[in-house]
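J.: Next up is a structure, given as structure tokens.
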Amino acid sequence: MNQIIQEFWHDPLVQDLIANFLNGEIDLATGAIWLTIAILFAIAGGAIGGMLLAGKDLGYRLAAMIGGLFGPAAVIPATVLGLLALRIS
């Protein structure tokens with residue numbers, strides 16, 4: 001198992017991906033990573049916001065689920081447009 005992990009980290013494609021990500025260069029792979037990070041934060045933020053806004057009325061679990069579903073609705077298009085704007089400039 002340790003050998004597989006070492007081979008993965010020393011793969012030239014993975015090394016190039018990590019270098020591009022850390023240098024701030026935006027290509028398809030690093031854009032997908034940034035989009036995934038943004039979606040995860042949007043789900044967490046939406047769940048917290050749903051609990052704060054409607055937790056007492058709907059119940060905290062239901063409000064968190066609904067907030068987690070609606071949170072990424074605005075974040076995904078904004079993140080894609082932002083990444084495209086950064087890539088163009």
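J.: From the list GLY50, GLY67, GLY59, which one is more than 15 Å from the chain's Cα centre (by Cα) and at positive phi?
T.: Criteria check complete, one pass: GLY59.
J.: Now, a different point. Restricted to region 22-44, and to residues that are of a type in the set (A, V, I, L, M, F, W, C) and over 24 Å from GLY71 (Cβ atoms), which residue is surrounded by the most Cβ atoms within 10 Å (Cβ to Cβ)? Give the steps one after another, and end with the answer.
T.: Here is the first cut: in region 22-44, the residues of a type in the set (A, V, I, L, M, F, W, C) are 22, 26, 28-29, 32-35, 37-44.
Going one step further and asking which of them are over 24 Å from GLY71 (Cβ atoms), we end up with 22, 28-29.
Working: LEU22: 9, LEU28: 7, ALA29: 13.
Among those that are of a type in the set (A, V, I, L, M, F, W, C) and over 24 Å from GLY71 (Cβ atoms), it is ALA29.
J.: Moving on to the next point. So which of TRP34, TRP9 ends up being in contact (Cβ under 8 Å) with a residue 40 or more places away in the chain and of a type in the set (Phe, Trp, Tyr)?
T.: Numbers: TRP9 fails: in contact (Cβ under 8 Å) with a residue 40 or more places away in the chain.
Going through TRP34, TRP9 in turn, the sole match is TRP34.
J.: Suppose we filter ALA47, ALA73, ALA78, ALA19 for residues that are assigned to a helix (DSSP H, G or I), of a type in the set (A, V, I, L, M, F, W, C), crowded, with 16+ Cβ neighbours inside 10 Å and free of Cβ contacts under 8 Å to residues at least 60 places away in the same chain; which single one remains? Give the steps one after another, and end with the answer.
T.: On the way: ALA73 fails: crowded, with 16+ Cβ neighbours inside 10 Å; ALA78 fails: crowded, with 16+ Cβ neighbours inside 10 Å; ALA19 fails: crowded, with 16+ Cβ neighbours inside 10 Å.
Only one candidate qualifies: ALA47.
J.: Run GLU25 past the list (1) within 22 Å of PHE8 (Cα to Cα); (2) assigned to a helix (DSSP H, G or I) and report the number of the one that doesn't hold.
T.: Of (1) within 22 Å of PHE8 (Cα to Cα); (2) assigned to a helix (DSSP H, G or I), only one is false for GLU25: (2).
J.: Do we find that VAL80 is touching a Leu at 6+ places or on another chain (Cβ under 9 Å) and of a type outside the set (Gly, Ala, Ser) in this structure?
T.: yes
J.: Surrounded by fewer than 11 Cβ atoms within 10 Å (Cβ to Cβ), modelled with pLDDT under 90 and in a helix (DSSP H, G or I): is that true of ILE4 in this structure?
T.: Values: surrounded by fewer than 11 Cβ atoms within 10 Å (Cβ to Cβ): yes; modelled with pLDDT under 90: yes; in a helix (DSSP H, G or I): yes.
The answer is yes for ILE4.
The values are calculated or read from the model by the stated rules, or taken from the named source; none is laboratory data. It should be emphasised that the depicted structure is a prediction, and the values quoted were computed from it without experimental measurement. Neighbour counts run over all protein chains shown; Cβ positions are idealised from the backbone, glycine included.
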